[in-house]
1. Give me the residue from the range 172-190 that is crowded, with 22+ Cβ neighbours inside 10 Å and not in a loop (DSSP other than H, G, I, E, B) and, out of that set, nearest to the chain's Cα centre (by Cα).
2. Taking the conditions exactly as written (closer than 25 Å to Val109 by Cβ and in the same structural domain as Pro138 (by TED's automatic domain parsing)), does Pro232 satisfy them or not?
3. Which ones in the range 143-158 are open to solvent by 10 Å² or more (accessible area, probe 1.4 Å) and either touching a residue at least 24 places away in the same chain (Cβ under 8 Å) or within 16 Å of ligand 1 (Cβ to nearest atom) (or both)?
4. For the range 308-319, give me the residue count where each residue is assigned to a loop (DSSP other than H, G, I, E, B) and either over 24 Å from Asn351 (Cβ atoms) or open to solvent by 60 Å² or more (accessible area, probe 1.4 Å) (or both).
5. Got a sec? Which of Pro374, Pro415, Pro419 is of a type outside the set (Val, Ile, Thr), open to solvent by 60 Å² or more (accessible area, probe 1.4 Å) and in a loop (DSSP other than H, G, I, E, B)?
6. Which residue pairs have Cβ atoms under 6 Å apart, sit 6 or more places apart or on different chains, and have a first residue in the range 224-238 that is touching a residue at least 24 places away in the same chain (Cβ under 8 Å) and farther than 16 Å from Val315 by Cα and a second that is within 14 Å of ligand 2 (Cβ to nearest atom) and open to solvent by 10 Å² or more (accessible area, probe 1.4 Å)?
7. Of all residues in the range 36-51 being open to solvent by 50 Å² or more (accessible area, probe 1.4 Å) and in a loop (DSSP other than H, G, I, E, B), which is modelled with the highest pLDDT?
Amino acid sequence: MADLNEPVRNKQNPVAHEDGSRAERSPLPSRRAFLKTTGLSTLGAMVGMTIPFEGNMPFGVLPAMAQESGQEFMSDKPGLTLMSDRPLNAETPAHLLDDDITPYARMFVRNNGLVPQTAIAQNAQGWTLTVDGEVETPLHLTIDDLKSQFETVTNRIVIECGGNGRAYFNPGASGNQWTTGAVGCPEWTGVRLADVLNAAKVKNSAVYTGHFGNDVHLSGDPDKTAISRGVPIEKALAEGGMIAWAMNGEPIPALHGFPLRVIVPGYPGSASQKYLTRIWVRDREHDGAKMTGYSYRVPANPVAPGTEVPEKDMVVLTEMPVKSLITFPQSGTEVTAGTPGEVRGHAWAGNGDVQAVDVSIDFGQTWQAAELEPAPNPFSWQRWRANITLPETGYYEVWARATDKNGVSQPPVVPGWNPRGYGNNMQHRIALIAM
Ligand SMILES: Nc1nc2c(c(=O)[nH]1)N[C@H]1C(S)=C(S)[C@@H](COP(=O)(O)O)O[C@H]1N2
Ligand SMILES: [Mo]
């Protein structure tokens with residue numbers, strides 16, 4: 001609960017990046033809002049109007065409208081927020097994630113290195129996937145081999161960056177300052193990861209997978225690896241894992257892993273290696289680039305925010321927590337007081353189907369059940385909808401809260417602070433203005 005005691009209001013709070021640059025995560029209201037302060041509370045001044053349920057707002061929580069950002073855009077992904085161009089990283093504002101199947105133009109991008117030339121040229125000639133290590137039969141498979149020797153499957157699977165929501169950490173964490181948009185649910189076509197591993201006959205000594213792609217390290221040094229992560233062998237053999245060659249019915253686009261990518265559902269996006277060339281079955285936890293140290297790791301036991309955690313107390317981030325997004329209406333929309341209107345979005349969980357979604361219009365004081373559609377296949381996100389009525393004019397927020405199959409739901413504030421800002425599944429909030 002330490003977040004609630006932090007005096008974050010009116011604090012500029014820039015975060016130092018590893019590279020020394022400063023990330024703007026200022027929750028300051030716009031100047032326009034400040035000009036209209038007459039008779040309003042501080043929070044009301046931030047949004048330029050009265051907030052009928054302001055008394056319910058937990059201390060330290062800022063109106064969602066005052067936290068929203070939006071800077072630069074990418075040309076073939078209009079509306080995405082560019083975080084950096086080398087490597088290329090961009091997130092999607094929540095209202096652009098309303099599609100059931102996330103189209104290319106709205107899929108976030110996370111690269112640790114440089115996009116390989118093979119992907120830019122869409123050239124898959126001679127591409128082979130090697131499966132070796134703790135297997136009886138090492139495999140060297142062309143894309144045609146994959147297509148002809150294994151059953152083809154198509155699934156909608158959520159990819160979410162482990163650092164999605166990092167921008168809300170306090171103290172802040174270095175890395176991309178993702179807000180809510182490092183997530184998407186495209187439709188992937190390929191083969192089952194388990195089928196390929198079973199064809200290679202995984203030995204009893206197998207403990208972990210190690211994934212490799214042909215993207216280039218930012219330094220340009222061919223001996224360095226941009227990223228090489230993996231998953232416990234049990235997860236790799238479980239239902240849902242894929243080796244995909246198509247996204248939304250087309251060859252996987254350059255930014256998303258052409259020509260092959262692993263899809264590990266429910267785990268941080270970093271487990272879903274793009275530009276896939278090799279799966280090395282290991283007899284120990286994989287120790288590739290960004291598997292060790294503090295990368296994609298969280299403290300084994302909860303720590304107070306800001307604690308310096310020794311490396312030996314860090315463990316690999318595995319299953320992602322339950323989460324939801326409000327994708328309609330767009331935050332800041334004007335609606336009519338006293339008239340029912342639809343809000344909707346998606347919900348997903350690293351451990352499978354979501355059980356329920358609830359929404360609140362009074363800062364979490366009361367909750368109303370949303371209608372939740374079943375998942376079209378395991379590890380897809382699920383559509384939810386609710387009808388809400390805002391009783392009188394003023395500033396409101398809609399908060400959404402999903403509950404996973406074990407009854408675990410989303411907290412209203414950043415959960416489990418960790419040094420690198422992973423796994424933030426706090427409730428998504430949008431602003432609505434009732435006129
Ligand atoms: N080869 C390769 N695979 C990768 C990455 C990368 O930098 N290189 N980034 C990973 C991370 S951290 C994430 S969150 C997802 C992002 O997938 P997307 O760019 O298709 O949205 O890809 C993962 N796979
Ligand atoms: Mo990521």
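The values are calculated or read from the model by the stated rules, or taken from the named source; none is laboratory data. This is a predicted model, so every value here is computed, not measured. Glycine gets a Cβ as well: all are built from the backbone with ideal geometry, and neighbour counts include every protein chain shown. Please note that ligands, DNA and RNA were not included when accessible areas were found on the heavy atoms of the full protein model with its side chains. Shrake-Rupley method; radii C 1.70, N 1.55, O 1.52, S 1.80 Å.
1. The residue in question is Val183.
2. no
3. The answer is Ile143, Lys147, Gln149, Phe150, Glu151, Thr152, Val153, Thr154, Asn155, Arg156, Val158.
4. Count: 4.
5. Just a single option satisfies the conditions, and that option is Pro374.
6. Close Cβ pairs (under 6 Å, with a partner that is within 14 Å of ligand 2 (Cβ to nearest atom) and open to solvent by 10 Å² or more (accessible area, probe 1.4 Å)) amount to Thr225/Ala289; Ala226/Asn112; Ala226/Asp215; Ile227/Asn112; Ile227/Ala289; Ile227/Lys290; Ser228/Ala289.
7. Thr50
Let's see how each residue does on (1) among the aliphatic types (A, V, I, L, M); (2) within 16 Å of ligand 2 (Cβ to nearest atom):
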{"site": "Gly172", "(1), (2)": "no, no"}
{"site": "Val183", "(1), (2)": "yes, yes"}
{"site": "Pro186", "(1), (2)": "no, yes"}
{"site": "Val196", "(1), (2)": "yes, no"}
{"site": "Asn204", "(1), (2)": "no, no"}
{"site": "Asn214", "(1), (2)": "no, no"}
{"site": "Pro232", "(1), (2)": "no, no"}
{"site": "Met247", "(1), (2)": "yes, no"}
